[in-house]
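Structure, as structure tokens:
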Amino acid sequence: MFFGGNLKGMEAKLDYIKSMGFNGIYLTPIFKAPSAHKYDTIDYFEIDPQFGTKADLKSFIDSAHKRGIKVMLDAVFNHVSYHHPFFQDVIAKGKQSAYYDYFFIREYPFSQETFKDALKNDKLPPYETFAFTPRMPKLNTNNPALREYLMEVGAYWIKHFDIDGWRLDVSNEISHDFWRAFRKRIKAVKEEAFILGENWDNSAPWLEGDQHDSVMNYEFTFPLWQFYQKEEYAYFDASWLKDTLTETMMSYSDELLINLFNLLDSHDTKRITTTLNNDEALIKQIYLFMFLLPGSPSIFYGGEIGMEGSSDPDNRRCMIWDDTRHNKKILSFLKRLIALYHAEKDFKSSQFEILHARDDIFVVRKGDLIGMFNRGENNVELPSSLELKGKDLLQSSQDFQELKHLEAKAFHLLKVKE
């Protein structure tokens, strides 16, 4: 679960998080930075005052650990803020700066006015950046001194605050060699620390045991979006989804599949409630589908209460704590689904057998669990060869001797009786 707010406020909500069944929290950047999003770091060794203090962080992590909840922080090592002291020193001293080779400088000299001109006139600055923005100069992580500095950042927050892992921003834009060294340093401090990369495409080269433990699995996210947005993507039917998911799963070993960090939305995308136009039936379906996929499911804060949000920054609205504004049906559904996820061992299996995939209908099996999905507006008869029977774990608790059809937008999670 991602989260938002100051550290004291978040600590006060840990019992709520625990009651939902979440056992991990991933915080987007909390280090000192000038922006709202905090992906433009000024000081990697200080908490941004908007979030609190180091003491607040330590208290938050200790309280989370007492409840069996792990905490992962977000490391932005690809770039820093234009206002970072290292970069400001380069502007002032040029090649005489000890930090000149920490960056990719194309032309020098340049000044504060160069930066302002690039911003005002939408021009590329005379230095490499992240996402073409002059506000975030790109770091040269091949520089030995900078590399050592960033390694120490990674180790520091584990040593002194006992964090449980790092989410690595745009990790595919940093060399494999850097991540190999980073893994060695981090695992030497805390062997069980979790290393999660933010890669949006196939990530097999990062998951060979010498770099990341997992990646944010957008390779599952976007096909699910396309399948469940039928009106917009009519071509993407169940057969297409079967081929797409199978191709992705075939590119990873079973050991990697069960560690993939699955998600339906994030601070970089629309919220799933908005993506699916507040269609409660489809929202429940897509969450169940995600929980059944190989990997570890995650929920973007507020997803459990049906929070809406379009593209950034609208997707980063503050968490709604007024329970009169919560979608109680989605909240109850997800609480039940999370409880089942912890109780039923087959959820954690890397197996994902696709029993049927045609038009609007998708049927999968994981061990003794069978998930059945009808995204369409029509009732559908199921092939008799499927022999679908068992107890519905999520909705009616009905014991089906044979399930022969699915109503419009219906779904079931059956536990098979052998």
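The values are calculated or read from the model by the stated rules, or taken from the named source; none is laboratory data. Since the model is a prediction, treat every value here as computed from it, not as a measurement. Quick reminder, even Gly has a Cβ in these numbers, built from the backbone with ideal geometry, and neighbours come from all protein chains shown.
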Exercise for the section: Residue by residue through the range 212-248, note down the ones that are of a type in the set (S, T, N, Q) and in contact with an Asp or Glu (Cβ under 6 Å, 6 or more places away or on another chain). Expected result: Thr248
Fill in the blank from the handout: Asn262 vs (1) of a type in the set (S, T, N, Q); (2) modelled with pLDDT under 95; (3) touching a Pro at 6+ places or on another chain (Cβ under 6 Å): all pass except (2)
Handout entry: Flag for Glu219 being surrounded by 21 or more Cβ atoms within 10 Å (Cβ to Cβ), touching a residue at least 60 places away in the same chain (Cβ under 8 Å), of a type outside the set (Phe, Trp, Tyr) and farther than 21 Å from Gly367 by Cα
Key = no
Fill in the blank from the handout: Within the range 111-147, residues being surrounded by 12 or more Cβ atoms within 10 Å (Cβ to Cβ), under 20 Å from Tyr100 (Cβ atoms) and not basic (Lys, Arg) number 19
Practice task
Report yes if some residue within the range 344-352 is touching an Asp or Glu at 6+ places or on another chain (Cβ under 6 Å) and of a type outside the set (Phe, Trp, Tyr); otherwise report no.
Solution key: yes
Practice task
Kindly indicate the residue of the range 92-110 that is free of Cβ contacts under 8 Å to residues at least 24 places away in the same chain and assigned to a helix (DSSP H, G or I) and also surrounded by the most Cβ atoms within 10 Å (Cβ to Cβ) among those meeting that condition.
Solution key: Tyr100
Completion exercise
Of the residues in the range 63-84 that are outside any loop (DSSP other than H, G, I, E, B) and either loosely packed, with under 14 Cβ neighbours inside 10 Å or small (Gly, Ala, Ser) (or both), the one that is nearest to the chain's Cα centre (by Cα) is Ala75
Practice task
Could you grab the pairs with beta carbons closer than 7 Å, sequence gap of 6+ or different chains, first residue in the range 228-247 and within 19 Å of Arg271 (Cβ to Cβ) and in contact (Cβ under 8 Å) with a residue 40 or more places away in the chain, second one surrounded by 18 or more Cβ atoms within 10 Å (Cβ to Cβ) and among the aromatic types (Phe, Trp, Tyr)?
Solution key: none
Problem - Qualifying residue in the range 254-270 (condition: free of Cβ contacts under 8 Å to residues at least 60 places away in the same chain and more than 17 Å from the chain's Cα centre (by Cα)) - result: no
